[in-house]
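Derivation of every value follows stated rules applied to the coordinates shown; laboratory data play no part. Being a predicted model, the structure only gives us computed values, none of them experimental. Neighbour counts run over all protein chains shown; Cβ positions are idealised from the backbone, glycine included.
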Ligand code: FEO
């Protein structure tokens, strides 16, 4: 049985993950509209990953006999002028998500809820990767600057990103 405080925090995180999905879908549509299909693809995969994160949390609530409560998803921005702007916003957002995950981890510890703490370990590692990949793309787009050919090549590179289900979902099936 989950403590109510932990259940509420995980439900809030489900909402935060779905908001993240919405944010990256909006970024994807922004770059699709600009004809940057590779960047649009990168954010579309990011959108899929965030949906998967929400699903992992929902599966966990179900497995502990807790109720999933889906809350309204707030509106997101719709315009980013450059890829660099979007990847900077991505890093800032992921840093916020990391703080949210850390807060739930601290709550689980204080409640002596070791199962929740264990489940969160995957997210702790995932957030390191999320921040790292956003930072790498900030570095690349900063290096390229206004170089049209450079942006074109990087857009092509990002077209290759594909979605694979994260391991907690792969093993749950
Ligand atoms: Fe669900 Fe990008 O963290």
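With r as the distance between the Cβ atoms of residue 96 and residue 29 and R0 = 22 Å, compute the FRET efficiency 1/(1 + (r/R0)^6) and round to 0.05. Provide the component values of the computation, followed by the final result.
On the way: r = 22 Å, r/R0 = 0.99.
For R0 = 22 Å, the calculated efficiency reads 0.50.
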Computed Rg/Rh of the chain, alpha carbon atoms with Kirkwood Rh
1.01
Computed label-point distance, nm, for sites residue 124 and residue 8 using a 7 Å Cα→Cβ extension:
2.5
Nitroxide proxy distance, nm - points 7 Å out along Cα→Cβ at residue 74 and residue 106:
2.0
Please work out the FRET efficiency for the pair residue 142 and residue 163, using the Cβ-Cβ distance as r and a Förster radius of 22 Å; give the result to the nearest 0.05.
0.25
Highest-fluctuation residue, 163, 22, 60 considered, GNM on the chain with Cα pairs under 10 Å:
163
Which of these, 40, 75, 108, has the largest mean-square fluctuation under a Gaussian network model of the chain (Cα springs below 10 Å)?
75
Which one of 92, 16, 81 has the biggest mean-square fluctuation once the chain is modelled by GNM with Cα springs under 10 Å?
81
Compute the distance from the alpha-carbon center of the range 105-173 to that of the range 18-70, in whole Å.
12
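Normalised by the residues of the chain, what does the relative contact order come to in percent, with Cα pairs under 8 Å and at least six apart?
On the way: 173 pairs, mean separation 54.1, N = 173.
Computed value for the chain: 31 percent relative contact order.
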